[in-house]
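Undergrad: Below: one structure in C-alpha cells.
The values are calculated or read from the model by the stated rules, or taken from the named source; none is laboratory data. Just so it is clear, the model here is predicted, and its values are computed rather than measured. Here Cβ is always computed from backbone atoms with ideal geometry, including for glycine, and neighbour counts include all displayed protein chains. To get the accessible areas, we keep the full protein, side chains included, count just its heavy atoms, and leave off ligands, DNA and RNA. Shrake-Rupley method; radii C 1.70, N 1.55, O 1.52, S 1.80 Å.
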Amino acid sequence: MLGLPADEVLVAGEWRRGAGAPIRTVDPATGRTLATVHAASVDEVAEAARGAARAAADPRWRTLLPHRRAQLLHRVADAIDTAAEHLASLQTADTGKALTETRALVASAAGTFRYTAAALETAEETLTPSRGDCLTMSVYEPIGVIGAINPWNSPVASDAQKLAPALAGGNAVLLKPAEWTPLVSLALGRLITRVLAELDLPTGLLSILPGRGSVVGDAIVKDPHIGKVVFTGGTDTGRTIARTAAGKLMPVSLELGGKSPTIVLADADIEQALAGVMFGIFSSSGQSCIAGSRLFVAREVYDTFVGELVERVGTLRVGPGTDPDTQVAPLVHHKHRDSVAAYVDLAREEGATVRCGGSVPPGAAYSEGAYYLPTVLDGLDNSSRTCQEEIFGPVLVALPFDDEDDLVRTANDSVYGLACGIWTRDHRAAWRIARRIDAGTVWINTYKQFSIATPFGGMKDSGLGREKGRDGIRAYQRQKSLYWGMSDTPLAWAN
Ligand code: NAD
C-alpha cells in the first residue's frame, strides 16, 4: 500500500511538506476530514518550474530514445495496475464517486499510459520528399515544461490523459490537482517518481502542486519556464488562463464545460433511450463535463417518455460510493451540493415543474453526506438560465421539440458545444442531426462511451484543442523543419 499521502507535495522530484496554506480534504459521504495537505507556495511553483526545465534538458531524458520513454509509460501502467484498489479507494474517499466507477477510471488511467506508449513506439518523424538538391525533414521536439491543471471530477483519469502524452512527448510536467481532490494525484506522483528513479531518469520531470487555483494555478500559468498549459475545468477559468497565455504567446489546450443535449426521436428504442438518458445524466451524479443535461424529446412521445423516465429515476439507489449497489453517489463537496440545490431553486423561480427529486434525500443515513436526489425538471424554455448554465449535478431538464429544424436550432442555442446523444432507429436522421449539432463528440444510440484512440474536445465555449488519439502526443510537441543542402554548387541569388 502507498499510504495516505497526507501532507507532502512533490516539488521537482522532492517530497516535502508544502510551504503554502493547508487544504482540508473531506470525505463527501460523511463530511469527515480525510487529510490536511500543505499546499505548494508560489515560490515552490517557481522552484518546481526551474527544476523541471533542468530535468527536461538533462541528457538522460533529452536523448532517451522513444521506445525507452515508452518503457517508462509501460512501467507506470503496471504500477497503476498493482496499486489499482488503493487508488480507486482513495479517489472514492476524496470525490465520493462509486467504487465501481473509480475502479473503471483507474483501469482507464493504466490503459491511457499503455496506449500512449504504443502510439509513441510506432510514431514516425515526418519525412517529406526532397526539393531540388535539398533533403527536407520535419521533426517533432518536446515543448519543454508543461503546466497541467485539472478539476476534481475524475482526477486519476484526467491526470493520466495529460501526464502520459506530456512525458511521451519528451517534456517535464507540473501538475496541479483541484483543491478538493489532491490525494489520488499525489499517490500517482509517488508511483511515477518511483519508476523514474528505478530507470535512473531525472525525478525533477514531475511536480505535483496542490493549492488554490488563483494562487498555485495562476503561478504555473504565468511562470516563464512553462511552454504550454493543458487545462481541464470551468469555462471562466479557461478564459482567464487563455488571457494570460495570450500575453506570453503560449499555446494552451482547454477542455471546458458543457450543457449537452440528449435527443430522443419518436422512433427510438424506448428501453435503450431510457437507460441511456439516465446513465448520461445521473452517472457520476451528473458531475461530468459531458453529462446529457438537456433532454429533447419529440413532442408526440414526450408525455409517455418523460412519465416513464420520472418513474424510473425515482427508483435509482442513492448511497455512499463504497456501497456496490449505489447508483447515485454523493456530490464532491457540501458546497457543491448547495450550489446544485440553489440551481433547482432558481429553476422553480423560472417556472419549472419538479417532476422528481429537487431536494436532499430524507433520512438519517444521508444527513452528513453531500447527497442530492436525482432530479427531473420540465416546463422551462431553453433560454432560461437553468437550461443555459452548467449545473454539474444530477439535474435533467426535459424539453419537447416539434421537428428537426426546431430541434437543431434549440439544441445549438447554447454557448457550449461539448457532446450530444441521439436516440433513434432512423440512421439517416441520426446522420443529419449529428452533422448539424455543435458538439465535439456525438453518440448515436449510446452515451458516455470513450476510446483513448478517438480524439476528444469541445467546440464553442467548451474548449480548444483535442486530447487522446494518435495525435494526442503531438499536442505536447513542437514541429521543426530541416532543409539539408546536398548540392555541390553555391546558392544562386534567385530561385
Ligand atoms: P475550475 O475551473 O474551478 O477549476 C479547475 C482547476 O483550475 C482547479 O485545479 C483549480 O484550482 C484551477 N484554477 C482555478 N482558477 C485558476 C486560475 N485563475 N488559474 C489557474 N488555475 C486555476 O473547475 P472545477 O469546478 O474544478 O471543475 C468543474 C468544471 O470542469 C466544469 O465546468 C466541467 O465541465 C469542467 N470539466 C471539463 C472537462 C472536459 O474534458 N471538457 C472534463 C471535466 C471537467
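Undergrad: Right, Val318: in contact with a Lys or Arg (Cβ under 7 Å, 6 or more places away or on another chain), within 15 Å of Ser285 (Cα to Cα) and away from the ligand (no atom under 16 Å from the Cβ) or not?
TA: no
Undergrad: Okay, next question. Give, as residue ranges, the strands (runs of 3 or more DSSP E) completely inside region 127-209 that count at least 1 residues that are open to solvent by less than 10 Å² (accessible area, probe 1.4 Å) and modelled with pLDDT of 95 or more.
TA: Filter on region 127-209 gives 145-149, 172-176, 206-208.
Undergrad: Follow-up. Looking at Phe392 and the list (1) more than 27 Å from the chain's Cα centre (by Cα); (2) modelled with pLDDT of 95 or more, which single condition is not satisfied?
TA: So Phe392 meets the others, but not (1).
Undergrad: Another question about this same structure. When only residues in region 307-322 that are open to solvent by 60 Å² or more (accessible area, probe 1.4 Å) and in a helix (DSSP H, G or I) count, which is nearest to Val354 (Cα to Cα)?
TA: By that ranking, first place goes to Glu311.
Undergrad: Report yes if some residue within region 255-262 is in contact with a strand residue (DSSP E or B) (Cβ under 6 Å, 6 or more places away or on another chain) and either part of a helix (DSSP H, G or I) or farther than 30 Å from Lys176 by Cα (or both); otherwise report no.
TA: Within region 255-262, one or more residues are in contact with a strand residue (DSSP E or B) (Cβ under 6 Å, 6 or more places away or on another chain) and either part of a helix (DSSP H, G or I) or farther than 30 Å from Lys176 by Cα (or both).
Undergrad: Would you please list the contacts, defined by Cβ atoms under 8 Å and residues six or more apart or on different chains, that run from a residue in region 406-418 that is within 16 Å of the ligand (Cβ to nearest atom) to a residue that is hydroxyl-bearing (Ser, Thr, Tyr) and part of a strand (DSSP E or B)?
TA: These pairs meet every condition: Leu418/Thr441.
Undergrad: Same structure again: Among the strands (runs of 3 or more DSSP E) lying completely within region 1-87, list those that include at least 1 residues that are assigned by TED's automatic domain parsing to the domain that holds Glu101 and of a type in the set (Gly, Ala, Ser).
TA: Per the criteria, 33-38.
Undergrad: Residues to consider are Val297, Val301; find the one that is in contact (Cβ under 8 Å) with a residue 40 or more places away in the chain, farther than 14 Å from Gly393 by Cα and either open to solvent by 30 Å² or more (accessible area, probe 1.4 Å) or more than 16 Å from the ligand (Cβ to nearest atom) (or both).
TA: One residue alone meets the criteria, Val297.
Undergrad: Can we say Ala398 is small (Gly, Ala, Ser) and under 30 Å from Asp471 (Cα atoms)? Break it down into steps so the answer makes sense when it comes.
TA: Working: small (Gly, Ala, Ser): yes; under 30 Å from Asp471 (Cα atoms): no.
So Ala398 does not fit the description; no.
Undergrad: Can you tell me which condition Asp236 does not meet? The list is (1) within 8 Å of the ligand (Cβ to nearest atom); (2) crowded, with 20+ Cβ neighbours inside 10 Å, and all the others hold.
TA: Unmet for Asp236, out of (1) within 8 Å of the ligand (Cβ to nearest atom); (2) crowded, with 20+ Cβ neighbours inside 10 Å: (2).
Undergrad: Are any of the residues in region 270-290 more than 10 Å from the ligand (Cβ to nearest atom), touching a residue at least 40 places away in the same chain (Cβ under 8 Å), surrounded by fewer than 20 Cβ atoms within 10 Å (Cβ to Cβ) and not in a helix (DSSP H, G or I)?
TA: No, region 270-290 contains no residue that is more than 10 Å from the ligand (Cβ to nearest atom), touching a residue at least 40 places away in the same chain (Cβ under 8 Å), surrounded by fewer than 20 Cβ atoms within 10 Å (Cβ to Cβ) and not in a helix (DSSP H, G or I).
Undergrad: Would you point out the residue of region 210-233, among those that are in a strand (DSSP E or B) and within 9 Å of the ligand (Cβ to nearest atom), that is most open to solvent (accessible area, probe 1.4 Å)? Full working, then the answer.
TA: The initial filter retains those residues of region 210-233 that are in a strand (DSSP E or B), namely 228-232.
So of that shortlist, the ones also within 9 Å of the ligand (Cβ to nearest atom) come out as 229, 231-232.
Numbers: Val229: 0, Phe231: 11, Thr232: 27 Å².
Applying the filter and picking the extreme gives Thr232.
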